[in-house]
Amino acid sequence: MRNVTFENIRIEQIEQGSIVQVKVGYNQKYCTAPGRGVENVTFRNIRYKGNLPYLSIINGYNNERKVKGVTFEGIKINGRLLHDKMEGKPAWYATADYIPMYVGNHVENVVFSKDIRSTLVSQSLDYCSSQINRALENLRPYDFTMMPRNILNGEQTWNLRKASPQEWCSGFWPGILWMDFAYNKSEAIQKAANGYTDALLPVVAQPVYDHDLGFITINALLKGYEISKDERYRKAALLAADSLATLFNPAVGTILSWPRHIKDYGGHNTIMDNMMNLELLFWAAEHGGSPRLKDIAIRHAETTMKHHFRPDGSCYHVAVYNQRTGKFLCGKTHQGYSDNSMWSRGQAWAIYGYTMVYRFTKDKRFLDQAQKAAGIYMKRLKETSDDCIPRWDMDAPDDVKDASAACIIASALLELSEYVSTDQAATYRDFAIKTLFPPSLHRASSCRNRN
């Protein structure tokens with residue numbers, strides 16, 4: 001049995017019996033073999049009122065036939081909400097004892113929580129930490145200049161890329177390590193985070209290659225400085241911000257994304273991804289950099305808002321301008337299905353980007369743009385997908401999904417929900433939570449020990 005939820009159950013006085021029995025058993029009279037196991041069972045909003053019943057039992061059969069993943073969310077016994085972090089419960093005392101309940105052999109991950117979402121967050125972060133530790137073990141002996149990017153199809157080891165201005169993901173792994181250290185305070189993780197981040201210092205000190213300098217710096221150096229307060233990281237980030245600002249064309253009003261593609265596109269090119277990198281300029285202006293950096297970021301956001309979007313709020317991937325006059329020439333795609341299609345990750349950059357710009361400016365124009373971009377995305381998603389994970393392009397003929405776009409948008413909507421009315425906030429928050437914690441999450445969790 002797996003992936004079952006029992007919810008909204010009220011139990012009055014039990015004369016004989018217990019609240020719950022979850023067991024893998026074997027009755028030779030009625031069965032030819034023991035049960036195969038129990039996985040991912042949730043008891044939500046269970047209420048019991050009466051004398052303490054007989055002992056509840058959770059018990060597996062053997063190492064191959066276990067009970068795994070039993071969650072009690074919001075269970076109340078005689079009005080008392082029981083959860084693992086309730087006030088007054090000694091750390092050594094089992095929450096199950098309050099029911100009373102015996103958690104026996106061959107049982108894994110029995111959790112009592114106020115809210116299933118908080119449990120899933122903790123479980124997900126624990127899983128991420130375990131995967132990071134596993135990755136670090138596989139990367140030994142460390143060459144901090146080689147960043148793990150992905151694992152290619154059919155391979156079992158990391159595809160490593162040399163940290164460089166040309167490798168836009170160079171800062172992602174150090175950023176992941178800093179976030180993991182903030183979560184688990186592991187000294188080993190901190191040392192690895194420092195090593196990989198230090199390897200980027202000569203990279204960001206080079207003359208700017210393209211707009212991706214922002215992605216490299218924000219994820220590694222800004223996270224590193226936020227957590228460690230290492231002055232080297234602050235100074236390097238300020239240097240990177242000044243370098244990124246040299247790509248700004250005042251005649252156009254935006255940062256040039258790809259200097260190497262000016263001839264290919266017939267002019268000054270700006271891609272929607274660039275909205276994400278404005279955060280480096282805003283941050284730098286607040287941490288010892290020139291106030292002009294904030295002005296550049298605002299001008300870029302204003303110009304992009306004017307030319308990069310279609311009337312319905314969807315966006316082009318690339319906007320092309322005349323380098324000399326600043327005239328908008330056309331909207332095109334580079335990674336989407338077509339010039340007029342909605343590339344999901346580009347729309348994600350737009351939603352997150354304008355939400356972030358509002359965070360720094362509190363200018364309602366940018367909040368309105370973020371909401372408009374979010375609105376058309378949510379509308380098109382309902383039309384093209386059966387869940388909260390979008391097709392890579394809303395107008396592509398295939399249905400290949402893009403989980404990265406979904407995660408970017410979930411992050412943006414969680415922040416956006418803090419800036420809007422109560423009703424709209426609930427809509428954004430619920431959408432983000434459904435994206436991050438779909439019903440399939442429990443099923444995926446049951447496979448983690450094999451991955």
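Readers should treat all values here as calculations from the given coordinates under stated rules, not as data from a laboratory. Fair warning: this is a prediction, and the values are worked out from it, not measured in the lab. Neighbour counts are summed over all protein chains in view; Cβ atoms, including those assigned to glycine, are modelled from backbone coordinates with ideal geometry.
What to note about this one:
- Net +/- balance of residues flanking LYS401 in space, Cβ distance below 12 Å, scoring K and R +1, D and E -1: -4
- Overall dimensions of the range 1-139, expressed as equivalent-ellipsoid semi-axes from the Cα gyration tensor (√(5λ), whole Å, largest first), are 27, 23, 13.
- Potential extension, GLN335-ASP230 segment - 0.36 nm per residue separation minus Cα distance: 34.1 nm
- Identified option (computed mean projected area of the Cα convex hull in nm²; candidates (1) 30.0; (2) 24.4; (3) 26.6): (3)
- Working note: Cα atoms of the range 215-356, range along each principal axis, descending, whole Å: 45, 31, 24.
- Inter-label distance for CYS31 and THR246, nm, one decimal - labels placed 7 Å from Cα along Cα-to-Cβ: 7.1 nm
- If R0 equals 25 Å, the separation of the Cβ atoms of ALA403 and ARG260 corresponds to a calculated FRET efficiency of about 0.30.
- In this label model, ALA425 and ARG47 are separated by 2.7 nm, measuring between points 7 Å along each Cα→Cβ vector.
- Relative to the longest principal axis of the Cα atoms of the chain, the long axis of helix 344-361 makes an angle of roughly 80 degrees.
- Set of lysines near LYS294 by C-alpha distance (under 20 Å), chain-local residues within fewer than 8 positions excluded: LYS223, LYS235, LYS306, LYS362, LYS364
- Per-pair calculated FRET efficiency, R0 = 60 Å: GLU15 and ARG140 via Cβ, rounded to 0.05: 0.50
- Approximate spin-label separation GLU155-TYR54, in nm, with each point projected 7 Å along Cα-to-Cβ: 5.8 nm
- Exposed loop sites here are trypsin sites (Lys or Arg not before Pro) assigned a DSSP state other than H, G, I, E or B and surrounded by at most 11 other beta carbons within 10 Å; excluding them, the longest clear run of the chain is 86-184.
- Qualifying lysines (Cα of each under 24 Å from Cα of LYS401; at least 8 residues distant if same chain): LYS332, LYS372, LYS379, LYS382, LYS434
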